[in-house]
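Novice: Can you keep this structure in mind? I'll have questions shortly.
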Amino acid sequence: MKRTLASLEGQPLEGLRAFVRVDFNVPLAAGRVADDARIRAAVPTIQWLRRRGSRVVLSSHLGRPKGQAKPEFSLEVIVPALETALGVPVTWIPNPCTADAVQVTKRLPRGGVALVENVRFWPGEEANDREFAQQMALLGDFYVNDAFGAAHRAHATTAAITEFLSPAVAGFLMAKELQYLAEALRDPARPFVSVLGGAKISGKIDVIDALLGRVDRILIGGAMACTFYLAQGFEVGDSLVEPDKADLATQLLERGGDKIMLPADVVIARELNASAQRRTTKPDRVEPGWRVGDIGSETVEQFGNVIAEARTVVWNGPMGVFEVPPFDNGTVGIAQALARATAAGATTIVGGGDSAAAVSRAGLSDQVSHVSTGGGASLELLEGKVLPGVAALDDV
Ligand code: ADP
Ligand code: MG
């Protein structure tokens with residue numbers, strides 16, 4: 001168990017500078033923040049510190065500038081969105097590696113907020129360089145990590161910095177992610193069901209592998225299921241498959257036995273667009289020139305019945321090409337099944353960027369227990385890996 005911000009309650013934080021690593025790696029469009037969800041997700045931690053009189057120094061990465069100061073990746077563009085989310089002015093620190101930057105953090109008013117330039121402008125960040133971490137540590141008196149989305153990376157402001165700042169605790173967002181993902185997996189209420197889908201098996205193989213040993217059932221949809229069909233010798237037409245992963249799929253089917261459930265019916269189409277000719281069929285009846293775009297309604301019902309019995313559900317990966325209705329039916333149907341299970345008392349967790357977007361589009365984000373903000377980090381937790389950004393924090 002890791003120490004959290006809540007454990008600092010009652011400690012004299014007034015006037016101390018909190019170095020807070022956040023994940024402000026937000027999508028941009030036309031030089032503005034296109035979606036401020038990640039900014040809003042960090043607000044509880046920031047406001048908690050402000051209310052206790054701390055000076056809050058925020059640091060994040062944005063995109064992949066690869067150790068160079070590239071203007072298109074400057075975090076300065078998010079200052080207005082951050083000021084709106086917090087309701088206070090934010091002091092911009094263009095170069096955190098200067099004596100001036102340290103002075104600016106010390107001169108912030110109590111409860112004041114500063115934002116530091118994209119830490120990935122400096123090669124020391126991604127190298128987890130001790131000296132760079134030590135320099136960043138000069139900007140704070142203690143450390144809070146709320147950047148769950150970056151916790152699977154051992155970088156200077158997520159890992160090495162905790163050598164130089166104490167205490168080093170998890171912010172509220174980080175703590176919530178760990179509570180759901182790590183703790184729910186450690187001792188899940190059963191039946192424990194995992195729903196996996198999305199475009200590819202590769203990238204999620206280790207997750208399937210790790211989950212097979214823990215869950216009671218794995219429901220597989222999306223294009224991922226097509227590689228399993230290929231492995232069984234079915235005609236898959238023009239479906240998205242990974243032929244080089246077919247052997248692996250066979251092994252997983254052998255290992256998983258009855259635990260693995262594949263769709264009983266699929267929606268196939270000539271093209272994956274709304275107006276294309278389409279029909280529902282058995283998975284072994286896909287014809288050349290057709291492709292799988294979604295799970296069928298019989299599968300939605302079957303998967304839904306398994307989900308209804310579950311006490312813990314972890315979902316990663318859409319069931320179909322949910323971006324193109326009506327190929328979103330299966331994904332929406334599964335999202336609704338999760339919402340019903342949640343209402344009945346199950347713990348339901350959604351991980352993965354596209355899955356989170358699909359649940360949000362269905363208007364059901366508030367009706368599941370937890371929607372993870374970190375795609376890669378949540379997958380690594382599901383694999384049972386220790387995240388460097390978590391390991392670096394103080395133990396309880
Ligand atoms: P997540 O971001 O939730 O981890 P992925 O990135 O693995 O999910 O997969 C999401 C993508 O998978 C979506 O863009 C979706 O269109 C695609 N997808 C799902 N099913 C299919 C399918 N049958 N054929 C092609 N693409 C699919
Ligand atoms: Mg994705």
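Novice: Over all distinct alpha-carbon pairs, what is the Kirkwood Rh of the range 253-313 in angstrom?
Specialist: 13.0 Å
Novice: A further question follows. Which of the lysines could a cross-linker bridge to K200, judged by Cα under 23 Å and excluding same-chain residues fewer than eight apart?
Specialist: Once the sequence-local lysines are set aside, what remains near K200 is K245, K259, K282, K385.
Novice: Something else now. If you take the Cα Rg of the range 5-174 and divide it by 2.2 N^0.38 Å, with N the number of residues, what do you get?
Specialist: Dividing the Cα radius of gyration by 2.2 N^0.38 Å gives 0.93.
Novice: P(r) for the chain: what percent of alpha-carbon pairs falls in each 20 Å bin, starting at zero?
Specialist: Once binned at 20 Å, the Cα pair distances of the chain give 27, 49, 22, 1.
Novice: At a Cα cut-off below 17 Å, give the lysines reachable from K176, other chains included and same-chain residues fewer than 8 away excluded.
Specialist: The qualifying lysines are K2.
Novice: Going by C-beta contacts inside 10 Å, put H61, H152 in order with the fewest on the left.
Specialist: Starting with the residue having the fewest Cβ neighbours, the order is H152, H61.
Novice: Among A175, V324, L262, whose Cα lies farthest out toward the positive end of the dipole of the chain, if unit charges sit on the beta carbon of Lys, Arg (+1) and Asp, Glu (-1)?
Specialist: So the residue furthest toward the plus end is A175.
Novice: What helices does the chain have that are whole DSSP H segments, at least 20 Å long along their own axis by Cα, and with mean Kyte-Doolittle hydropathy of 0.5 or more?
Specialist: What comes out of the filter, once short or polar helices are dropped, is 329-343.
Novice: Give me I208, I260 ranked fewest to most by other Cβ atoms within 10 Å of their Cβ, as a rough exposure proxy.
Specialist: Details: I208 23, I260 20.
Sorted ascending by nearby Cβ count, the order is I260, I208.
Novice: In addition: If you place +1 on the Cβ of every Lys and Arg and -1 on the Cβ of every Asp and Glu, how big does the dipole about the Cα centre of the chain come out, in debye to the nearest 20?
Specialist: 900 debye
Novice: Moving on. For a quick check: sort E163, E383 by the number of other beta carbons within 10 angstrom, fewest at the front.
Specialist: E163, E383
Novice: So for the chain, taking the charge dipole from beta-carbon charges (+1 Lys/Arg, -1 Asp/Glu), which of F303, G374, L86 sits furthest toward the positive end?
Specialist: Final value for the positive-end residue is L86.
Novice: So which GluC sites (Glu not before Pro) in the range 260-307 are both in a DSSP loop and have at most 16 other Cβ atoms within 10 Å of their Cβ? Numbers along the way, then the final one.
Specialist: Values: sites: E271, E298, E301; in loops: E271.
Sites meeting the loop and neighbour criteria: E271.
Each value in this text was obtained by applying a stated rule to the coordinates, not by laboratory testing. Computed from a predicted model, the values in this text were never measured in an experiment. Here Cβ is always computed from backbone atoms with ideal geometry, including for glycine, and neighbour counts include all displayed protein chains.
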